[in-house]
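Encoded as C-alpha cells, the structure appears first; notes follow it.
The values are calculated or read from the model by the stated rules, or taken from the named source; none is laboratory data. Predicted, not measured: the structure shown is a model, and the values here were computed from it. Quick reminder, even Gly has a Cβ in these numbers, built from the backbone with ideal geometry, and neighbours come from all protein chains shown.
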Amino acid sequence: MNSLLAPYRAAVPVAFESSWESPANIAFVKYWGKKGHQLPANPSVSMTLKECKTSTKTKFSLSNNLTVELKLDGQKNERFAQKIKSYLEGLQTELPWISNLSVEIETANTFPHGTGIASSASGLSAFVLTFVDYLKHLNPEGDHALFLKRASYLSRLASGSACRSIYGGFVAWGDSAQVETSDLYASPVDVHADLASLQDTVLVVSGKEKNVSSRAGHGLMGDHPFALSRFAQANANFSQCISALKSGDIEALGKILETEALSLHAMMLTSSTPYILLKPNTLAAIDAIWDFRRETKLPLYFTLDAGPNLHLIYPEEFKSKIFTFITHELSALSEQIIDDKVGTGPRKC
C-alpha cells in the first residue's frame, strides 16, 4: 500500500464539507505521453497561474454505496460526475470506506473550460484538495508539507498535470537527475529573482471546447513514430529549462517555451490519427509576436498547451509596452484576453 494513504485505510468516514480554490498551470516543458498508471514519459516543468483557477466545494456524506453529483457553473454535469466517481472507485483498493460515501460537488472556473488552458489541472486538483482535507479531518496525520505531497500524488492519479497545480510558483514533475522530483508527485522549483514575477497574458483565440481531449492525445503517443525522439527532446529541454530558470536567462527560457509549444502540436499533426487544434488566428498571432520581438528586442515569448490559445510570457518590468502591444495588435485575433501571472498556489476558502 502507498505510504501516503496508509494512515487512512482503516478510517471511519463521517460527514464533512470542504472548499478549495486551485489554479491552472502552464507547462514550459510539456508532459505528452504516459507510461504505467498516470506516470509521465518525460519530466515537465510549469508555472502556476494566479487568475485562471477553479473554486470547488465538496460535501461528503454517508451512503450505502458510492454516489457522485457534480454541478459545473451551477449546471449538473453527468460526464464530470462520472469521471470523479471512476477516480474514487480507483482508490477503493487502498481506501475501502470510499464505497460508503455520497459526494456532492459544486465547481466553477474563472476561464473557459476544455480549451487548452488546463481546466482539468485546476478542476481536479481543487477537488482532490477537498478530498485530502477530508482525509486530514478523519486523521490529522502529518504537517502541511506532507498534506501538499499527498494532494499532489492523488491529483496525479486524477490528471497528470493537476499534480503541478498543488504548488505555487514554478513546479517540476517527473524523474530527473537535475532536481529533486519524482514521477509520483510534483515538487516546487526555486528560480532566479528576475523570473520570479513572470507575466502570462492568455490570448483566448477560441473559447470552444476542443474536439480532441488531452487524454486521447496522450493515448496517441503510444504508437507515435516520433515518440522516442520527442521524449529525448523533452528531457534535454527540461534540463535547459531548469538551468534557465535558475540563472534568470529569459532568452534561453523563451526559446524553450516556443520550441516545446510547437513540438507538442507537431506530435498532434503527425500522430497515427492526425488532428489540428491550432486556429488561423493562433498562427497569425504567432507571426505578430515574432515580428514584434524582432522590431523591439523585447522579451515576449509564447507557449501553447493542447489547444489553440496562446500564453504570452514576459518579465513584469516590460509589462507596460508589451501589454499595450497585446491589447492594440492582438485583441482582434482573440475572443478574450486574460491578464495573468505567476501565482502562489491553491488556498482553502
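Summary table
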| item | result |
| --- | --- |
| Failed item, numbered, when L148 is tested on (1) assigned to a helix (DSSP H, G or I); (2) in contact with a Lys or Arg (Cβ under 9 Å, 6 or more places away or on another chain) | (2) |
| Residue in the stretch 315-324 that is under 17 Å from I26 (Cβ atoms), touching a Phe, Trp or Tyr at 6+ places or on another chain (Cβ under 9 Å) and either among the hydroxyl-bearing types (S, T, Y) or modelled with pLDDT under 95 (or both) present | no |
| Verdict on I98 being touching a residue at least 12 places away in the same chain (Cβ under 8 Å), in the same structural domain as F127 (by TED's automatic domain parsing) and assigned to a helix (DSSP H, G or I) | yes |
| Residue that is surrounded by the most Cβ atoms within 10 Å (Cβ to Cβ) [pool: residues in the stretch 127-148 that are of a type in the set (A, V, I, L, M) and within 17 Å of L91 (Cβ to Cβ)] | V128 |
| Every residue from the stretch 170-183 that is buried (at least 18 other Cβ atoms within 10 Å of the Cβ) and either without any contact (Cβ under 8 Å) to a residue 40 or more places away in the chain or under 13 Å from the mean Cα position of the chain (by Cα) (or both) | F170, V171, A172, W173, S182 |
| Some residue of the stretch 233-242 being loosely packed, with under 14 Cβ neighbours inside 10 Å, in the same structural domain as H311 (by TED's automatic domain parsing) and without any contact (Cβ under 8 Å) to a residue 12 or more places away in the chain | yes |
| The stretch 280-318, residues that are of a type in the set (D, E, K, R) and touching a Leu at 6+ places or on another chain (Cβ under 9 Å) | R293, D305, E316 |
| Condition check for K297: in contact (Cβ under 8 Å) with a residue 24 or more places away in the chain and of a type outside the set (A, V, I, L, M) | no |
| Options D339, D305: the member that is acidic (D, E), modelled with pLDDT of 95 or more and surrounded by 14 or more Cβ atoms within 10 Å (Cβ to Cβ) | D339 |
| Some residue of the stretch 101-114 being assigned to a strand (DSSP E or B), β-branched (V, I, T), buried (at least 17 other Cβ atoms within 10 Å of the Cβ) and over 18 Å from the mean Cα position of the chain (by Cα) | yes |
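Quick grid of which residues meet (1) closer than 24 Å to R347 by Cβ; (2) modelled with pLDDT of 95 or more; (3) in the same structural domain as G168 (by TED's automatic domain parsing):
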site	(1), (2), (3)
S19	yes, yes, yes
K35	no, no, yes
Q38	no, no, yes
P43	no, yes, yes
T48	yes, yes, yes
E69	no, yes, yes
K76	no, yes, yes
A81	no, yes, yes
